[in-house]
Amino acid sequence: MVKNRLKNPLIISAAVLAVLFYSGLVKIKPAHPFDCLLEPQVIHTVNGSLSCNPVKNNRGNYYSSRLKVSSVKGKVSSYEITSSARGIVDVMLPVSYVESLYPGKLYSSAGRGVLAESGQCLSLRGKFSLKKNCFYAEEVFYLGSGSGFRAFCMNIRAKVRLAFKRLMYSWGNAGGLVLSLLSGSREYLEDGVSSLFMLAGLSHILALSGMHLSFFAGIADFSGRKLFGKKYSFYARLAGILFFVFFAGLSPSLLRALICSLIMLAASALYCQDTDYLAVLSAAFMIHICVAAEDMYTPAFLLSYCALSGILIFSPEIKRILIPWTGDKISSSLSASIGAQLASFPLSLSMFSMVAPGGILASVIVSPLASFFILAALVSVILSLFIPFLSPLFGIIMNLLYEVIIFTVRLFTFIPCIKL
């Protein structure tokens, strides 16, 4: 099997590209470089549409995002100059503007009315930080949702995500975890929960990835078979994948999962047999760096590909060793967890100066609990929409499940971490 993989051109190509890019021998250029007639240091206003969902930084004073720029304004001598522009710029948005519409937040009554979601058009007034290659906004003005069918869909998405946040806010701590698992928004997570998951080696559960996409694809496939028959389950699975990605937004790890899923669905439609999943991952890697080169050096991208590579390379051999002692199901989960940890161990240690070995066992136990929590959340949300007066009851049920998960995660934080 190893020899066959070494002969696979997809795997060889991906390995060569990884060596070239990460060794610095070949410099990769951004897929959408920023370009305009003005020098960055004179620009005080940038206009455009957000190309991803804003994410709160560790200090809690800004939300980071990316802006697809359409025009800029700057002052040269005593003249105000407006220039057309193109490309994508990293931007930092003040918390007071982003959270102006969020329920229960300090700034939610400010009346600024800035719908800061992917696809929404904004005008940012501030200045470029040449050191960080980023535009820091001091004021944010909402310009609407744009025109056309895509803008219409993105506007509906933004408003649905906001309504979802309002519903989840009423569920308290459980709602905060549901938001994180279903939409990637961590604004309402209970204080310290992210740290608990990290110390337990379970940060991947909070990050939107293949686990979440596979879960929704499985639900869509099951529903499609029951409602329309096996013949149409392929389309139901595809619809489930695309809907979840559309709603949650494309983080680097979720984009990796999407590309892999689409390749596997295409292989299934073409009746391909004996698919090498490592070759699929290799193809996804090459496609990913073509469509989103800026993701290549992000922790989410690196850890996602590294962990899945470890699972595909190491877990079959580990499972053969474990299966006589633990049985098929437990050995499958445990070998996958060990494989992911083995591959990502050096990377985690270099990036975060810490590795949580307890995550090997914690993943086996907490991942099924998280999947059940997501399923219960989906059922509760759907029923709450049809029977609104039952929403508080579902909130109580979800908070009970939440406490079980947090208690279990907290137990694994007692396993010492390896630190530099």
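The values are calculated or read from the model by the stated rules, or taken from the named source; none is laboratory data. As the structure is a computational prediction, the values presented were derived from the model and not from experiment. Counting neighbours? That spans all protein chains shown, and the Cβs are built from the backbone with ideal geometry, glycine included. For the accessible areas, the whole protein counts, side chains as well, though only heavy atoms, and no ligand, DNA or RNA atoms are used. Shrake-Rupley method; radii C 1.70, N 1.55, O 1.52, S 1.80 Å.
Observations, loosely collected:
- Rounded to the nearest 10 Å², the accessible area of ASP328 at probe 1.4 Å: 80
- Simple Cβ-charge dipole of the range 135-240, Lys/Arg +1 and Asp/Glu -1, about Cα centre, in debye nearest 20: 820
- Per residue solvent-accessible surface (Å²) - the range 35-119, probe of 1.4 Å: 49
- Of the accessible area of the chain, computed with a 1.4 Å probe over protein heavy atoms only, carbon and sulfur atoms account for 65 percent.
- The tail of the calculated P(r) for the range 203-334, taken as Cα-Cα distances beyond 22 Å, holds 45 percent of the pairs.
- Long-range HN-HN contacts of PHE135 with modeled amide H, under 5 Å: ASP90, VAL91, MET92, SER129
- Mean-position separation - Cα centroids, the range 136-186 and the range 258-294, in angstrom: 29
- Normalised by the number of residues in the range 340-420, the mean separation of alpha-carbon contacts (under 8 Å, six or more apart) gives a relative contact order of 50 percent.
- Dividing the mean sequence gap of close Cα pairs (under 8 Å, 6+ apart) by how many residues the chain holds gives a relative contact order of 13 percent.
- For the set TRP171, TRP325, solvent exposure ranked by accessible area (probe 1.4 Å, protein chains only) runs largest to smallest as TRP325, TRP171.
- Dipole magnitude of the range 250-381 about its Cα centre (Cβ charges: Lys, Arg +1; Asp, Glu -1), debye to nearest 20: 240
- For the peptides 347-353, 41-47, 55-61, the ranking by mean Cβ contacts within 10 Å, running from highest to lowest, is 41-47, 347-353, 55-61.
- DSSP beta bridges confined to the chain are antiparallel in about 95 percent of cases.
- Comparing Cα centroids, the range 348-400 and the range 48-101 end up 33 angstrom apart.
- Listed cross-link partners LYS29/LYS132; LYS27/LYS132; LYS131/LYS165; LYS73/LYS165 are compared with a 27 Å cut-off, the Cα-Cα value being larger for LYS131/LYS165; LYS73/LYS165.
- For the range 230-284, accessible area per residue (1.4 Å probe, heavy atoms of protein chains only), Å²: 52
- The chain - charge dipole about Cα centre, Lys and Arg +1 at Cβ, Asp and Glu -1, debye rounded to 20: 420
- For the range 143-193, the solvent-accessible area works out to 44 Å² per residue, with a probe of 1.4 Å and every protein chain left in place.
- Cα long-axis angle, helix 149-169 against the chain (0 to 90 degrees, to the nearest 10): 70
- Value of [θ]222 nm, deg cm²/dmol, for the chain, DSSP H segments ≥ 4, -39500 (n - 2.57) each, nearest 500: -19000 deg cm²/dmol
- Principal axis extents of the Cα atoms in the chain, from largest to smallest and rounded to whole angstrom, are 78, 60, 51.
- Cross-link partners of LYS329 among aspartates and glutamates, defined as those whose alpha carbon lies under 17 angstrom from its own and excluding same-chain residues fewer than eight positions apart: GLU317.
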